[in-house]
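Okay, structure first, notes after.
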Amino acid sequence: MKFCLLGPPEVRDDACRLWFRGHRQRAVFASLALNANRVVETDRLVDIVWGDRPPLTAQAQIQKTLSALRQMLARTSTGGERISTVSSGYLLHADPGEIDVEVFRGEVRQASSAMVAGDLPGAVTCFRGALARWFGRALDGVPGLAAEATHLEEQRLIAWEECMHAELALDGHARVAAEIEPLIGSHPLRERLCALLMIALYGCGRRVEALRAYHGLRGRLHEELGIEPSSELRDIEHAILIETPAAQMLSAP
């Protein structure tokens with residue numbers, strides 16, 4: 001059984017996907033799965049489901065929701081209950097490999113270790129595998145976990161940037177440029193994305209476009225935040241202006 005949070009929360013087994021009956025069931029499941037094998041306090045579940053306006057029957061409704069989830073979810077590999085009542089909260093028991101968030105993080109760690117060891121093809125393979133586990137925006141449909149979703153999305157973007165860095169070191173300039181350009185619109189002030197894009201464009205012979213990307217970001221930073229680009233980004237612009245080989249720029253971003 002797989003507990004999937006890297007998109008709209010869902011449960012998958014070998015034969016099908018299990019669908020939740022409404023927001024409350026989805027939110028409680030997502031909260032427990034995100035904290036698998038750790039206790040989630042009942043008050044925290046109430047806050048995630050209703051925010052600062054819970055009904056008087058909130059705790060009773062949480063108990064009813066947990067009862068339904070227990071019936072929905074299969075037992076653990078050892079035959080135990082999936083959800084336990086512990087002190088003032090609940091705990092979802094998960095085996096290794098069942099929570100996609102943890103699998104993603106593990107593969108990112110493997111990719112990072114491969115990069116440190118100088119195995120760039122292996123790093124790219126691990127990063128690509130980790131990123132392929134995403135099927136939407138993390139925890140989509142659970143507003144009460146917005147902060148956690150934002151944190152996961154940041155981890156995804158960092159992994160993607162690291163993957164692009166390794167791809168550039170393997171001379172994948174055209175491929176990286178094609179992947180990054182659409183993302184700039186979603187992250188218009190993110191300097192590392194711009195740095196990678198500049199190197200990718202320059203590396204495939206699009207020097208003018210690389211400089212245009214820098215000046216575009218500089219204008220946005222000045223207009224929206226009143227700041228200049230970082231020294232690292234300015235160094236990349238200078239390196240492009242004096243026609244430094246692209247491979248020598250990769251230590252900057």
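A few remarks follow.
- Filter result (of a type in the set (K, R) and closer than 16 Å to Q25 by Cβ) within the range 43-98: K64, R70, R82
- If you check L32, L91 for being open to solvent by less than 40 Å² (accessible area, probe 1.4 Å) and in a helix (DSSP H, G or I), only one passes: L32.
- Scanning the range 182-208 for residues that are in a helix (DSSP H, G or I) and either touching a Lys or Arg at 6+ places or on another chain (Cβ under 7 Å) or crowded, with 18+ Cβ neighbours inside 10 Å (or both) gives R192, L193, C194, A195, L196, L197, M198, I199, A200, L201, Y202, G203.
- Unmet requirement for E148, which otherwise passes all of (1) open to solvent by 60 Å² or more (accessible area, probe 1.4 Å); (2) acidic (D, E); (3) in contact (Cβ under 8 Å) with a residue 60 or more places away in the chain: (1)
- Only one of the listed residues (A149, A94) is within 15 Å of the chain's Cα centre (by Cα) and small (G, A, S). That residue is A149.
- Output for the range 46-75, where each listed residue is part of a loop (DSSP other than H, G, I, E, B), open to solvent by 20 Å² or more (accessible area, probe 1.4 Å) and under 30 Å from R156 (Cβ atoms): G51, D52, A74
- All positions within the range 1-29 that are over 18 Å from the mean Cα position of the chain (by Cα), modelled with pLDDT of 95 or more and open to solvent by less than 30 Å² (accessible area, probe 1.4 Å): Q25, A27, V28, F29
- For the range 35-45, filtered to residues that are in a helix (DSSP H, G or I) and open to solvent by 60 Å² or more (accessible area, probe 1.4 Å), the residue that is nearest to A94 (Cα to Cα) is R44.
- Condition broken by T125, with the remaining ones in (1) assigned to a helix (DSSP H, G or I); (2) in contact with a strand residue (DSSP E or B) (Cβ under 8 Å, 6 or more places away or on another chain) satisfied: (2)
- Where Y214 falls short, out of the listed (1) buried (at least 16 other Cβ atoms within 10 Å of the Cβ); (2) within 17 Å of A159 (Cα to Cα): (2)
- Residue check: D171 meets all listed conditions (1) closer than 19 Å to V124 by Cα; (2) at pLDDT 95 or above; (3) surrounded by fewer than 16 Cβ atoms within 10 Å (Cβ to Cβ) but one, namely (2).
- Filter result for D100 (of a type in the set (D, E, K, R), surrounded by 18 or more Cβ atoms within 10 Å (Cβ to Cβ), under 21 Å from R38 (Cα atoms) and out of contact with any Phe, Trp or Tyr (no Cβ under 6 Å at 6 or more places or on another chain)): yes
The values are calculated or read from the model by the stated rules, or taken from the named source; none is laboratory data. On a predicted model such as this, the values are computed, not experimentally measured, just so you know. Don't worry about glycine lacking a Cβ; one is built from the backbone with ideal geometry, like all the others, and counts go over all protein chains shown. Accessible surface areas use protein heavy atoms only, side chains included; no ligands, DNA or RNA. Shrake-Rupley method; radii C 1.70, N 1.55, O 1.52, S 1.80 Å.
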